[in-house]
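The values are calculated or read from the model by the stated rules, or taken from the named source; none is laboratory data. All values reported here derive from a predicted model rather than from experimental measurement. Neighbour counts are summed over all protein chains in view; Cβ atoms, including those assigned to glycine, are modelled from backbone coordinates with ideal geometry. Each accessible area value is taken on the protein alone, full model and side chains, heavy atoms only, with ligands, DNA and RNA left out. Shrake-Rupley method; radii C 1.70, N 1.55, O 1.52, S 1.80 Å.
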Amino acid sequence: MTFDYHEPTSLREAIELGARFGVDGRFLAGGTDLMVQIHRGRLNPRHVVSLQCVPGLDAIEVDGAISLGARVTHRRIETTTDFQGALRALVEGAEVVGGHQVRNVATVGGNIVNASPAADVVVVLLALEARLTSLGPAGERTIALDGFGTAPGVTVLRPNELLTRASFPRLAPRTATAFLKAGRRRAMEISIACVAARLTLDAALERCQDVRIALGAVAPTAMRARSAERYLEGRPLTDEVTREAGRIAATECRPIGDVRASARYRALLVATLVPRVLARCLERIRFHTS
Amino acid sequence: MTQVTRIVGRSVPRMDAPGKVTGTALYAADFALPGMLYGRVLRSHEPHARLVRLDTSRAARLPGVRAVITAPDVPDVRYGGSVKDERVLARDRIRFAGQPLAAVAATSPDAAAAALAAIEVVCEPLVPVLDVAAALAPGAPLVHEAWASYTALPILHRDRNVCNRARIVVGDVERGFVEADRIFENRFTTSSVHQGYTEPRAAVAQWDSSGLVTVWSNTQLPFEIQTTLAEILQLPPSKVRIIVPGIGGGFGGKLRIGMEHFAALLAMRTGRPVKVMTTSEEELTAAYPRQPAIVEVKTGVTNDGRLTAREARLWFDTGAFAGSGPGVASVATLMLAGPYRIPNLLLEGFAVYTNKTNFGSFRAPSGPQANFAVESQMDIIADALGLDPLELRLKNIVREGEEGPTGQVLTAVGLEECLRRAADAIGWRDRRPRAGRGKGIACGWWTTTGGSSGVYVKINPDGTVALNTGAAEIGTAALTGAAQVLAEDLGVQLADINVVSADTLSTPYDFGAQGSRTAFAVGNACRAAVADLKRQILALASKHLGVEEHALALREGSVVGEGKRTTLGELARISQASGGGLIAHGTFVAPPTPYDAKRVEGHVYPAFHSPSFHAHAADLSVDAETGEITIHRYVVAQDVGFAVNPAAIEGQIEGGVAQGLGQALSEEIVYENGRVLNANLTDYKMPTTLDVPRVESILVQHPTLVGPFGAKGVGEPPNIEPPAAIANAVASATGVRITTLPITAEKVALALRARAT
Ligand SMILES: Cc1cc2nc3c(=O)[nH]c(=O)nc-3n(C[C@H](O)[C@H](O)[C@H](O)COP(=O)(O)OP(=O)(O)OC[C@H]3O[C@@H](n4cnc5c(N)ncnc54)[C@H](O)[C@@H]3O)c2cc1C
């Protein structure tokens, strides 16, 4: 395990280094994925380019569209006042990442680029229809988060591209979000399944006007439960309906069985957690609009 | 019996606490010497293979590499405590994935790792024996073809892949089953779990010009390691010195030789000090984690709930070597009887070779596995007979003066009190408050391991006291307990006592930090030393003060009588000037516990010394859909004999329960085709602080005649009952009985589903 360590102090310098090293280089944010992978011999970059001293990557913007800089830590999401209401799912996703030490350094950008199917905050961002902004030698481009990851650990980001932020539209009225995760213990746990939802109700607060459901750890990448979403649209959110949505989501996910859980249990968790996140959303909308 | 005491019986801070909480305490893993090299061990990827060739030439030429050793560089010695079946490095046969093949020493850990990667291993895979069933199948391949020729304890019953069958026979089980109205037969299985000590196994070795090798290691048993290492190195034991600078947890995982032999051999080869320390991956693939078990229990019972007979068999997977297996299989038979009066018993414990790591001792070895089976079955019986599980237990538990399974006479039996107080505390009368919530109870017994302990106790010229013991403070406050006993008897303050420990060259012998024995045995050795010291002190004080000995008394660091007074310090100074100082050698060995030898076979642990008794009760909820378990309350009532340091005992109980809940709910080393799938701390799931409820401790005190002030061993027991208590509470909450450990949410959820359809 040897590599050259670089500490650029501007975005431009970071991009230059990224372009120079190409596939031999890796950006380092919190290092909670990267260093583990290097230690376990799964990655062996010749150059590590730290983003620690690069300014402009850690802003949280909430006027108009909401935007999270790539270097925003999970801890900051947890403690951001603007996320405690309708965007509560962001807090719920961030606050269950690892333990305190991990959350103090681990970042949103790292969570996204690492492209683990179990990345908790990615699942929330997927339900929020986030778009990513990247910067490379050829300039800036935006990429939909949905489709950004193509396989475990693989994304469409080019080796010399830097992720700068994730943004998503402001929530419509009568909207709430929620996130739930299942694992063998209550902290320091990689999801064996997790579910996020963004739900908008109609004016009568009865029927589903618009919904996004995202699932983690039940497919090679975080995924949207599109059939369940379609089923829900326009329907009243009775227990029966949300349970059916859970059943549909469980059939469209593609879990594997591994040392953490069987495929069958993962599907069962999806079927259970989907109605529960929807129930939470409902409760939140009704609470905030009453 | 109430005793008026000053220091024992009080919650005092641990003597090792300030150093540990401020980060200044030295552990073996911290230990370093100038010029030290870093050793690493190359381990097999194959679970079972013929080793054809090891090419180390490229590794030896790498920068920084100072030595590469393979089997031909090591004395051809087979060692082992009960069966001599293990070698330092594999010669021609590989018996588990993780077995050491070679060792390297280099100037940095990275250079050592690079050297390991550069060694070429050629081997021919053989069909592995993956589990106990495969090992016992007719015509199964032998893990040790030459098993019959190995040196072994003569008492063992060995047969091919079985390296011991221990047996207890009492009465006639067939007759007992005829007397029964109902017969219950159940099968349980448990997984291997790691001791989870925070500090990896570590050793630093250095040779001196006289040919003495000193090893600083975090072993629990410095004197056993001295013997084993001397055997491996073919040296007299006096040429091997083991020092324990500190231990960051052991729980049985640091009983047997760990890194000491690799460090010593590499240091011999290089002429430089060498440090070897394990990685998490090595810990989870090649350490001494708890034996997985299969347990079959058949119990006969009358309709009114009287146990008439039990036939039970427990098979331990002992892995590639016997190690602790034969002994633990013996202890298991006593645990299979449970703390119950059953007139007819046929109990067998087997240690079975497979191609896996040498599973070993873990806090109350065999306890949780056997207890999970028999205490789960007690609830199955109670449910079937329509009896309250507490009442069924109370009807059958052993009482004062009754016999244990091998005929030992039981005294200081506080079990009924434990059961009743645990049940009261958990609110037993409301056992199923609502759907999905339930309470469970489990009880058991355990030994206070024997073995001998010696101490030197010396009075310093300032009146303080040096306690020199061969035991190591493993983090249980056991030596604080021993020092409390010493301070109590000698009439000094705890702060006056300094402890020197665990150096085979300079400290007296001790059987080691194992089996809940340290405070008990070292404490008693201190009492013997004080008795001797008091004679010396009073004789000297009498001369010095001119007062008859019988008129003198020791009080608060002084000797007083007839209005005269002198201090211990002054007497020590007088003695230093005239008599070589005030020093005493105190010794203790647990008196043998008489038992009926006709009842046992192949048994290396036929009776429990000064047994302790305990009951655990849990109150939990189960999520009917996800199977997730939430523990609301957890109560332990433990008969500790006499609580030398109540706060320290509560700490032992809380820690033991946390570990026990890990075994009950989340921890397991998962094997697939002989390889560990989760050899990292991401996927090996020890509980976090959020997973462990507050543990409520009730200290029950039925003093023994043997322990210091009546104390019993307290360290291991809290680890025994959690799996059974949880299994019983889950069954009470859901009606679903999980018979395999760990009781994961997945198992519960799928069982609930299976029942629903
Ligand atoms: C003990 C522990 C527990 C954990 N628990 C969880 C958990 O519960 N849930 C969960 O989702 N994750 C968990 N993780 C994983 C990890 O903490 C998260 O994925 C985290 O968000 C990664 O962020 P980081 O800043 O540490 O990324 P890094 O490790 O610094 O980077 C990860 C990857 O992203 C790349 N990268 C980082 N930033 C950028 C950027 N701006 N542009 C381009 N590439 C970039 C790096 O090159 C690397 O390939 C855990 C990790 C540990 C060690």
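Quick notes on this one:
The rows are residues; the columns are (1) touching a residue at least 40 places away in the same chain (Cβ under 8 Å); (2) not β-branched (Val, Ile, Thr).
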site	(1), (2)
A:PRO220	yes, yes
A:ALA225	yes, yes
A:PRO236	no, yes
A:THR242	no, no
A:ALA250	no, yes
A:ARG264	no, yes
A:ARG276	yes, yes
A:THR289	yes, no
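- Restricting the search to strands (runs of 3 or more DSSP E) fully inside region B:119-201 and requiring at least 2 residues that are of a type in the set (Val, Ile, Thr) and farther than 29 Å from B:ARG50 by Cβ gives B:162-170, B:182-190.
- Residues (under 21 Å from the mean Cα position of the chain (by Cα) and either open to solvent by 20 Å² or more (accessible area, probe 1.4 Å) or without any contact (Cβ under 8 Å) to a residue 60 or more places away in the chain (or both)) located in region B:679-696: B:LYS685, B:MET686, B:PRO687
- Restricting B:PRO687, B:PRO693 to those that are within 14 Å of another protein chain (Cβ to nearest Cβ), over 19 Å from B:GLY515 (Cα atoms) and in contact with a Phe, Trp or Tyr (Cβ under 7 Å, 6 or more places away or on another chain) reduces the list to B:PRO693.
- Of the helices (runs of 4 or more DSSP H) contained entirely in region A:72-137, those carrying at least 1 residues that are under 11 Å from the mean Cα position of the chain (by Cα) and more than 8 Å from the ligand (Cβ to nearest atom) fall at A:88-94, A:120-127.
- The lone exception for B:GLY515 - which of (1) free of Cβ contacts under 8 Å to residues at least 60 places away in the same chain; (2) closer than 19 Å to B:ILE247 by Cβ; (3) out of contact with any helix residue (DSSP H, G or I) (no Cβ under 9 Å at 6 or more places or on another chain) it fails: (1)
- Boolean, B:VAL622 is open to solvent by less than 30 Å² (accessible area, probe 1.4 Å), closer than 27 Å to B:THR734 by Cβ and either within 11 Å of chain A (Cβ to nearest Cβ) or aliphatic (A, V, I, L, M) (or both): yes
- Test for B:VAL736: is it more than 14 Å from chain A (Cβ to nearest Cβ), of a type in the set (A, V, I, L, M, F, W, C) and surrounded by fewer than 21 Cβ atoms within 10 Å (Cβ to Cβ): yes
- The set of residues in region A:10-37 being assigned to a loop (DSSP other than H, G, I, E, B) and either more than 26 Å from A:VAL102 (Cβ to Cβ) or of a type in the set (A, V, I, L, M, F, W, C) (or both) consists of A:SER10, A:ALA29.
- Any hit, region A:175-196, residues being open to solvent by 40 Å² or more (accessible area, probe 1.4 Å), within 14 Å of chain B (Cβ to nearest Cβ) and hydrophobic (A, V, I, L, M, F, W, C): yes
- Only one of the numbered conditions (1) at negative phi; (2) more than 8 Å from the ligand (Cβ to nearest atom); (3) within 14 Å of chain B (Cβ to nearest Cβ) is not met by A:GLY41, and that is (1).
- Every residue from region B:325-337 that is out of contact with any Asp or Glu (no Cβ under 7 Å at 6 or more places or on another chain) and open to solvent by less than 10 Å² (accessible area, probe 1.4 Å): B:GLY325, B:PRO326, B:VAL328, B:ALA329, B:SER330, B:ALA332, B:LEU334, B:MET335, B:LEU336, B:ALA337
- Being closer than 30 Å to B:TYR509 by Cβ and part of a loop (DSSP other than H, G, I, E, B) is a property that B:ALA607 has.
- Scanning region A:144-155 for residues that are within 12 Å of the ligand (Cβ to nearest atom) and more than 18 Å from A:VAL218 (Cβ to Cβ) gives a single hit, A:THR155.
- Failed item, numbered, when A:ARG158 is tested on (1) within 12 Å of the ligand (Cβ to nearest atom); (2) in a strand (DSSP E or B); (3) open to solvent by 10 Å² or more (accessible area, probe 1.4 Å): (2)
- Candidates A:ALA222, A:ALA172, A:ALA263, filtered to the one that is open to solvent by 30 Å² or more (accessible area, probe 1.4 Å), of a type in the set (A, V, I, L, M, F, W, C) and under 30 Å from B:ALA679 (Cβ atoms): A:ALA263
- Among the residues of region A:22-38, the ones that are without any contact (Cβ under 8 Å) to a residue 40 or more places away in the chain and more than 9 Å from the ligand (Cβ to nearest atom) come to 2 in all.
- Those residues of region B:532-566 which are closer than 22 Å to B:ILE7 by Cβ and assigned to a loop (DSSP other than H, G, I, E, B), in sequence order: B:LEU552, B:GLU556, B:GLY557
- The conditions of being at pLDDT 95 or above, within 30 Å of A:GLY246 (Cα to Cα) and either within 14 Å of chain A (Cβ to nearest Cβ) or not in a helix (DSSP H, G or I) (or both) are not met by B:ALA617.
- Test: B:ALA572 is out of contact with any Leu (no Cβ under 7 Å at 6 or more places or on another chain) and in contact (Cβ under 8 Å) with a residue 40 or more places away in the chain: no
- From the list B:GLY581, B:GLY569, the one residue that fits, being in contact with a helix residue (DSSP H, G or I) (Cβ under 9 Å, 6 or more places away or on another chain) and not in a strand (DSSP E or B), is B:GLY581.
- Residues in region A:66-115 that are open to solvent by less than 40 Å² (accessible area, probe 1.4 Å), under 20 Å from A:LEU34 (Cα atoms) and polar (S, T, N, Q): 4 in all.
- Sub-9 Å Cβ pairs linking a first residue in region B:698-726 that is closer than 11 Å to B:ALA364 by Cβ to a second residue that is in a strand (DSSP E or B) and open to solvent by 20 Å² or more (accessible area, probe 1.4 Å), at least 6 apart or interchain, are B:PRO718/B:SER697, ordered by first then second residue.
- The residue pairs whose first member lies in region B:106-118 and is within 12 Å of another protein chain (Cβ to nearest Cβ), whose second member is buried (at least 16 other Cβ atoms within 10 Å of the Cβ) and part of a helix (DSSP H, G or I), and whose beta carbons are closer than 9 Å, counting only pairs six or more residues apart or on different chains, are B:ALA114/B:ALA59; B:LEU116/B:ALA59; B:ALA117/B:ALA59.
- Hey, A:ALA250 at pLDDT 95 or above, open to solvent by 30 Å² or more (accessible area, probe 1.4 Å) and within 14 Å of chain B (Cβ to nearest Cβ) or not: no
- Residue match in region A:48-59 (condition: under 13 Å from A:ALA166 (Cβ atoms), in contact with a Lys or Arg (Cβ under 7 Å, 6 or more places away or on another chain), more than 11 Å from the ligand (Cβ to nearest atom) and not in a strand (DSSP E or B)): no
- For A:ALA166: the one exception among (1) open to solvent by less than 50 Å² (accessible area, probe 1.4 Å); (2) modelled with pLDDT of 95 or more; (3) away from the ligand (no atom under 15 Å from the Cβ): (3)
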